[in-house]
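Enquirer: Dumping the structure here so I can ask a few things about it.
The values are calculated or read from the model by the stated rules, or taken from the named source; none is laboratory data. Just so you know, these numbers come straight off a predicted model, no measurement behind them. Methodologically, a virtual Cβ is constructed for each residue, glycine included, from the backbone with ideal geometry; neighbour enumeration extends over all protein chains shown.
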């Protein structure tokens, strides 16, 4: 585990995972009144769950890079010493927001250039609505090399080449909607 405690991992776990582990532990308790087996199994289950969650989180972090929380975005998009409101961040349609398994909303840092959003991100999000494709999938597509485009879509957006990226997103949207 890379710097994250078991307690932090369990706090970040989706409720469904925690309920499944709790159910297993209650079942063990019924069959092991002394609690010895249950305590060992609880420790093993907790470690296993944390390791899987941390592996997934680490893979996403490696793939997408760092993410900002709402407070970080408020500071970034506001004036020095005068952050924008939480409401302004959460309602901004031009931001790629990702909801973690624990329900926390984070914003990939790759979409920012200085104190603003990279031009074209909003266009991509409009072409690829959330009810069509997951925001995590869109984030992955933006940073992954695309053979049709010859580079990662985000690299092209940063270079000011908005049109080919939006067209590629539109082609993908049509294919998903078919």
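Enquirer: Please go through the stretch 132-150 and give me each residue that is more than 14 Å from the chain's Cα centre (by Cα) and surrounded by fewer than 17 Cβ atoms within 10 Å (Cβ to Cβ), ordered by number. Walk me through how you get there before you give the answer.
Expert: Step one: filter the stretch 132-150 for residues more than 14 Å from the chain's Cα centre (by Cα), giving 132, 144-150.
132, 144, 145, 147, 148, 149, 150, listed by residue number.
Enquirer: Among the residues of the stretch 148-163, write down those that are in contact with a helix residue (DSSP H, G or I) (Cβ under 6 Å, 6 or more places away or on another chain) and within 20 Å of residue 129 (Cβ to Cβ).
Expert: Answer for the stretch 148-163, where residues must be in contact with a helix residue (DSSP H, G or I) (Cβ under 6 Å, 6 or more places away or on another chain) and within 20 Å of residue 129 (Cβ to Cβ): 153, 154, 157.
Enquirer: Let me ask something else about it. Do we have residue 129 as exposed (fewer than 14 other Cβ atoms within 10 Å of the Cβ), at pLDDT 90 or above, closer than 26 Å to residue 84 by Cα and more than 20 Å from the chain's Cα centre (by Cα) here? Working first, answer last.
Expert: Details: exposed (fewer than 14 other Cβ atoms within 10 Å of the Cβ): yes; at pLDDT 90 or above: yes; closer than 26 Å to residue 84 by Cα: yes; more than 20 Å from the chain's Cα centre (by Cα): no.
Considered against the rule, which asks whether it is exposed (fewer than 14 other Cβ atoms within 10 Å of the Cβ), at pLDDT 90 or above, closer than 26 Å to residue 84 by Cα and more than 20 Å from the chain's Cα centre (by Cα), residue 129 comes out as no.
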